[in-house]
Every structure is written in C-alpha cells, then in structure tokens.
Amino acid sequence: MRIDILTVMPEMLESPLNCSIVKRARDKGLVEIHVHNLRDYTLDKHRKVDDYPFGGEAGMVMKIQPVYDCIAKLKAEREYDEVIFMTPDGSTFDQPMANSLSMLENIIILCGHYKGVDYRIREHLVTKEISIGDYVLTGGELPAACVVDSVVRLIPGAIGDEQSALSDSFQDNLLAPPVYTRPAEYNGWKVPEILLSGHEAKILQWRLDQALERTKRLRPDLLGEGE
Ligand code: ADE
C-alpha cells in the first residue's frame, strides 16, 4: 500500500508516522508513506499556501494551485483509489472504514488547515471526506495520523500476532474483553481465576461474555440497543 499525505505542517506528522507499528510496517516495506509539504508546490513568490476568502469572511483558505499541482503530479505517476480530505464535516471514521481503506493500493490524504480548502478542490478532486469526530482540531494532520495508524495496523504482517488485530474493540461490533498480565496478584488485586485455569474453551467463553457485558454497559448502541 502507498499513502501520500499533503500538508502545510509536515512536522506534525513526523512522530506518529515514525514510531511503533507504523514505523515497523514502513521498515518492512508493507506500506510506503510519503509526506508532501504543500509549500514546495506553491508558485507564490512568498511561498504562501493560503489566501483571504471571497465574500469577506474571517480566516484564511487554502489555495487551489498548490493542492491541485501536487495531486496532479501524483496522479500522473500512478492511479489512486481515493483522494481523502480530512475535515470535521466529513463522514465519521470508524473500524469498517479503516478495514476497507486497508485493502486499497494507493491513497492520497489531504489535510485541511485554516478555514478549510478552496471548495473547488472538494468538488472536483476529493473522493472521500473523513472526520475523526465531532470536534474541531487546528488542522487535518492529527486526524490523518489517526486514520493512517488504524489502517496500517490492519495490513497483513504489520502486527506480529495477526489474531490480535481481529480481537480489537469494534472489529466485531464488540468492545474488547479485559486483559491482564503477571503478577497474578498485586496489592491483593487478583486476576480472574478462569484465566489461570488453562481451560481454553472456558477462557474463550469468558472473553466473549465479558465483551458482551462491557458492550451492553458502555456502548449499547453497538448492539443496536438504547438508541
Ligand atoms: N480537521 C479539524 N478537525 C477535524 C476533525 N475532527 N476530523 C477531521 N479533520 C479535522
């Protein structure tokens, strides 16, 4: 998979894309991630990437030209499955969306900034608009990092134990069951007996029961209840 991220703040993406599972997946060649600084594409002599909005609203708007030129260059090099725009008014990101993005070959992610991007980019070039929730961040970089992180860990081979991506919360519309590690007792706080029993079938049943109980209690909406 190849992911191209277009941004005016490349520094904001540096550590999320160079740590942990995402770094390992890149090192293993499972994913190629390229970050493009839109300032490198502007034809403005002061390297400006934003301008005042027509109609006199407050705030600045990302200019068409650098975004258009960067996308055009990338599209001339290969075909893209999606051109994604990170924006608070997009569709809310969830696990099924992460699953389907992880199966694509090439995607572009455009990070919004300032008051947004010239709407013509969204009308003519963007194929998918994603929000990571109903709150406003200073730009699309952290949302893009969230999307990339959740997508990359689903690529086969990215996580050592592939089973563990399948047992994540939300993967089957259930929250994950509790997990514990050694010591079996700390401060008088004990790990549930069943997990120490070695009884595989019973442990599996316990995990399912716990997942159901936690989902019912914390996120009944996932079970189609309490809406
Ligand atoms: N840009 C600013 N806030 C955002 C959000 N919640 N989701 C996606 N992009 C954003």
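The values are calculated or read from the model by the stated rules, or taken from the named source; none is laboratory data. Please read all numbers here as calculations on a predicted model, not as lab measurements. Cβ atoms come from the backbone with ideal geometry, glycine included; neighbour counts cover every protein chain shown.
From Tyr135, Tyr114, which residue is more than 9 Å from the ligand (Cβ to nearest atom), among the aromatic types (Phe, Trp, Tyr) and either touching a Pro at 6+ places or on another chain (Cβ under 8 Å) or touching a residue at least 60 places away in the same chain (Cβ under 8 Å) (or both)?
On the way: Tyr135 fails: more than 9 Å from the ligand (Cβ to nearest atom).
On inspection, the qualifying residue turns out to be Tyr114.
So, in the stretch 156-208, of the ones that are assigned to a helix (DSSP H, G or I) and touching a residue at least 24 places away in the same chain (Cβ under 8 Å), which residue ends up surrounded by the fewest Cβ atoms within 10 Å (Cβ to Cβ)?
As a first pass, look at the stretch 156-208 and keep what is assigned to a helix (DSSP H, G or I): 162-166, 193-196, 200-208.
Applying the additional criterion that residues be touching a residue at least 24 places away in the same chain (Cβ under 8 Å) yields 206-208.
Details: Trp206: 18, Arg207: 18, Leu208: 13.
Residue satisfying both the conditions and the ranking: Leu208.
Here are some residues: His124, His113. Which one is at pLDDT below 95 and more than 23 Å from Leu30 (Cβ to Cβ)? Break it down into steps so the answer makes sense when it comes.
Values: His124 fails: at pLDDT below 95.
Step by step, each of His124, His113 is checked, and only His113 is at pLDDT below 95 and more than 23 Å from Leu30 (Cβ to Cβ).
Contact map, the stretch 2-30: residues that are surrounded by fewer than 13 Cβ atoms within 10 Å (Cβ to Cβ) paired with residues that are outside any helix (DSSP H, G or I), Cβ distance under 8 Å, separation 6+ or inter-chain. Pairs shown: Lys28/Gly157; Lys28/Ala158.
Looking across the stretch 138-161 at every residue that is among the charged types (D, E, K, R) and more than 18 Å from Leu6 (Cα to Cα), the one that is farthest from the ligand (Cβ to nearest atom) is identified as Asp161. Just one residue in the set Asp149, Asp94, Asp81 is over 20 Å from Met12 (Cβ atoms), under 21 Å from the mean Cα position of the chain (by Cα) and in contact (Cβ under 8 Å) with a residue 40 or more places away in the chain; that residue is Asp94. Of the residues in the stretch 1-51, how many are in a helix (DSSP H, G or I) and within 30 Å of Pro156 (Cβ to Cβ)? Matching residues across the stretch 1-51 total 15. For Ile71, indicate whether it is more than 15 Å from the ligand (Cβ to nearest atom), buried (at least 19 other Cβ atoms within 10 Å of the Cβ), of a type outside the set (Ser, Thr, Tyr) and within 24 Å of the chain's Cα centre (by Cα). Yes; evaluated as a whole, the condition is true for this residue.
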